[in-house]
1. Which condition number in (1) surrounded by 20 or more Cβ atoms within 10 Å (Cβ to Cβ); (2) of a type in the set (A, V, I, L, M); (3) part of a helix (DSSP H, G or I) is the one that B:Ile72 fails?
2. Go through (1) touching a residue at least 40 places away in the same chain (Cβ under 8 Å); (2) out of contact with any Leu (no Cβ under 6 Å at 6 or more places or on another chain); (3) crowded, with 19+ Cβ neighbours inside 10 Å and name the single condition B:Thr83 misses.
3. List the number of the failed condition for A:Asn68; all other conditions in (1) among the polar types (S, T, N, Q); (2) touching a residue at least 40 places away in the same chain (Cβ under 8 Å); (3) closer than 16 Å to B:Met47 by Cα hold.
4. Would you say A:Asp58 is within 14 Å of another protein chain (Cβ to nearest Cβ), on the phi > 0 side of the Ramachandran plot and exposed (fewer than 12 other Cβ atoms within 10 Å of the Cβ)?
5. Going by the conditions given, is B:Leu14 over 27 Å from A:Ser45 (Cβ atoms) and of a type in the set (A, V, I, L, M, F, W, C)?
6. Within segment B:70-83, is even one residue of a type in the set (D, E, K, R) and either over 30 Å from A:Phe53 (Cβ atoms) or under 11 Å from the mean Cα position of the chain (by Cα) (or both)?
7. Would you mind telling me which numbered condition in (1) within 11 Å of another protein chain (Cβ to nearest Cβ); (2) part of a loop (DSSP other than H, G, I, E, B); (3) under 25 Å from B:His59 (Cα atoms); (4) not acidic (Asp, Glu) A:Ala43 fails?
8. What's the total number of residues in segment A:10-40 that are within 12 Å of another protein chain (Cβ to nearest Cβ), surrounded by 13 or more Cβ atoms within 10 Å (Cβ to Cβ) and of a type in the set (Asp, Glu)?
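Please treat every number below as a calculation from the coordinates, not as lab data. None of these values were measured; they are calculated from a predicted model. As a convention, Cβ positions derive from the backbone with ideal geometry for all residues, glycine included, and neighbour counts pool all protein chains shown.
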2 protein chains.
Amino acid sequence: VSVSDLQLLNTEELESALRSIPGWRLIDGQICKSLECSDFAEAFSLMCRIAMFAEKLDHHPEWSNVYNKIHIKLSTHDAGGITRKDIQLAGLIDALRVNS
Amino acid sequence: VSVSDLQLLNTEELESALRSIPGWRLIDGQICKSLECSDFAEAFSLMCRIAMFAEKLDHHPEWSNVYNKIHIKLSTHDAGGITRKDIQLAGLIDALRVNS
């Protein structure tokens, strides 16, 4: 992790970054996405794969699950907003979905 | 699963059941508990073990996780409230904690 990964994105950087992760919305200082799977087993399996990435990146989501639905919120608490690390984790989550 | 497992508990049954699962609180028609682990890896590991029980029981929690914290809400949607199945899952979750 480089230092710049943990610096707050400025408005222009954030706008540009959001274009690279379609479906993520900026809400209350976090980037958010809802995912829907076919059932609980599929949803929780996806959560397991996301958890592995999160732990490896040492960057963890705020997330909730009800049966086949997952809601994910990302931000960098220490920086007080969105950093490249959030965009990176969002991109990894989207890649998992495409490949699963 | 017997039919009675999926019947709404009456007030007396609910009071009695809640006494058997200390720490669970009745809030907005669900039984709720917050768990705190030492870190994300431990919290998510616990979620994995809970998920296995939930899938086996075909009874799934509403739950959220932020780093080392897990918040769990249980109810039986089809019955419109708390049934023995919720009490059973709550008890299993508590047993996991004691044994982990």
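1. (3)
2. Failing condition for B:Thr83: (2).
3. A:Asn68 satisfies all of (1) among the polar types (S, T, N, Q); (2) touching a residue at least 40 places away in the same chain (Cβ under 8 Å); (3) closer than 16 Å to B:Met47 by Cα except (2).
4. yes
5. yes
6. Yes.
7. That leaves (2) as the condition not met.
8. Going through segment A:10-40 one residue at a time, the tally reaches 0.
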